[in-house]
Amino acid sequence: MTTMTTSSPDHTASRSRALSAWLRWTFGFLAFPLAGLAGTAVAGRVDSPWAALLGGLGAGAVLGLGQSLLSSGRLPMARWTAVTSTGMGAGLLLGAATVDYGTSIGDLAVMGALSGAVLGVAQAVTLPHRTRSRWVWAVAMPALWAIGWSVSTLVIGDAVHEQFTLYGASGAITVSALLGVLLHLLLPVSTTGRTPTPRATPTTGDPS
């Protein structure tokens, strides 16, 4: 005798919501190049401590806003925007100064790791209370930011010598897709919260 099992409607709907949220978040990779443009507009080339700080603050504000808007309601807009701006400003200041504003793939990977470390801690603290193991976010961000810079450097080549505040679209879509998976694991999309309609209890006889 063979027993067939099927997914319940609630489980199917949950997976559909999760996939939709991940796709929406990943599509948000477009916020990265916009953030980079904002950082460059504010500070120009990242070739000094002041430029790194101002560029990071500008880029972080745009990136944080974009992420919060595309988080399916999981990230607090005002706090996430402010913390991402501050974290990127401080992180880029540390990372760029450490590599003496170099633009080799090794320099940018180190800069990304240091920037991501500062940003990751700032964002991890800001994640909502229901987040599972928020420290994982802080641990993952240095690696993801290093990957983002490395991928972009391999794709755009010598253009990185312009000393951008943030990596480009190729690195952004890679990081966004991976961050979307991490965000789902740590902070799943909320269910609809509908209360089931109680079933009527069958009665027999005259209740009077």
| request: Could you please give the count of residues in segment 70-120 that are assigned to a helix (DSSP H, G or I) and either in contact with a strand residue (DSSP E or B) (Cβ under 8 Å, 6 or more places away or on another chain) or among the charged types (D, E, K, R) (or both)? | output: 2
| field | segment 174-190, subset in contact with a Ser or Thr (Cβ under 7 Å, 6 or more places away or on another chain) and either assigned to a loop (DSSP other than H, G, I, E, B) or under 14 Å from residue 33 (Cα atoms) (or both), residue modelled with the lowest pLDDT | value | 189
| query | Hey, residue 124 hits all of (1) within 12 Å of the chain's Cα centre (by Cα); (2) buried (at least 24 other Cβ atoms within 10 Å of the Cβ) but one; which does it fall short on? | reply | (2)
| request: Say whether the condition of being of a type outside the set (Lys, Arg), closer than 26 Å to residue 79 by Cα and modelled with pLDDT under 95 is met by at least one residue in segment 141-152. | output: no
| task | Could you run through segment 82-108 and say how many residues are crowded, with 19+ Cβ neighbours inside 10 Å and touching a Ser or Thr at 6+ places or on another chain (Cβ under 6 Å)? | result | 5
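The values are calculated or read from the model by the stated rules, or taken from the named source; none is laboratory data. Because the structure is predicted, anything quoted here is derived from the model rather than measured. Please note: Cβ atoms are built from the backbone with ideal geometry, for glycine as well, and neighbour counts cover all protein chains shown.
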